[in-house]
Amino acid sequence: MARDNFWKLIRNGPYASLGHYCLGETALREKKFEEAIQQLNKAATMNPLDIKAQDLWAIANRKIGRHREAQTQIEKVLRFDPLDYLGL
């Protein structure tokens, strides 16, 4: 299964942030928003330049009604990358 492979990425140091991102994206697609938030937060913490993880984190927060957190994150992303298509 894909999830098993993503967990293997997490155990392999240099690819851990990618594994968390993939698990977060998968959870978001499955509408498991809390799980998505946890995994995407880990990905963004490990790799602060991962704009996609930060965008998806904001989307997951918006889906569960945490609009203020989502808006704050989007504003932060847009300060770093004003042309971020998901943030616009």
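We did not get these values from a lab; they are worked out from the coordinates using the rules stated. Because the structure is predicted, anything quoted here is derived from the model rather than measured. Positions of Cβ are backbone-derived with ideal geometry, glycine not excepted, and every protein chain shown enters the neighbour counts.
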Simple Cβ-charge dipole of region 1-41, Lys/Arg +1 and Asp/Glu -1, about Cα centre, in debye nearest 20 = 100 debye
For the chain, what is the relative contact order in percent, using Cα pairs closer than 8 Å and at least 6 residues apart in sequence?
-> 19 percent
Comparing Asn12, Asn47, Asn61 in a Gaussian network model of the chain (Cα, 10 Å), the one with the largest mean-square fluctuation is Asn12
Looking at region 17-88, which trypsin sites (Lys or Arg not before Pro) are in a loop (DSSP not H, G, I, E or B) and have at most 13 other Cβ atoms within 10 Å?
-> Lys31
Once the Cα atoms of helix 16-29 and of the chain are each reduced to a long axis, what angle between those two axes, in degrees from 0 to 90 to the nearest 10, is obtained?
-> 70 degrees
What is the chain by shape, rounded, prolate or oblate, if you read a ≥ b ≥ c off the alpha carbon gyration tensor as root eigenvalues and call it rounded for a/c under 1.5, prolate for a/b larger than b/c, and oblate otherwise?
-> oblate
Going toward the positive end of the dipole of the chain, with +1 on Lys and Arg Cβ and -1 on Asp and Glu Cβ, which of Ile10, Gln73, Tyr85 do you reach last?
-> Ile10
Would you count, across the chain, every pair of lysines whose alpha carbons are under 15 angstrom apart, provided the pair is eight or more residues apart or spans two chains?
-> 4
Any idea what angle helix 51-63 forms with the longest principal axis of the chain, computed on alpha-carbon atoms, 0 to 90 degrees, nearest 10?
-> 70 degrees
Percent relative contact order for region 1-52, counting Cα pairs under 8 Å at least six residues apart, stands at 29 percent
Taking Glu25, Glu35 and counting other beta carbon atoms within 10 angstrom, the fewest-first order is Glu35, Glu25
Taking the chain and counting helices only, DSSP H stretches of n ≥ 4 at -39,500 (n - 2.57) each over all residues, the nearest-500 ellipticity at 222 nm comes to -23500 deg cm²/dmol
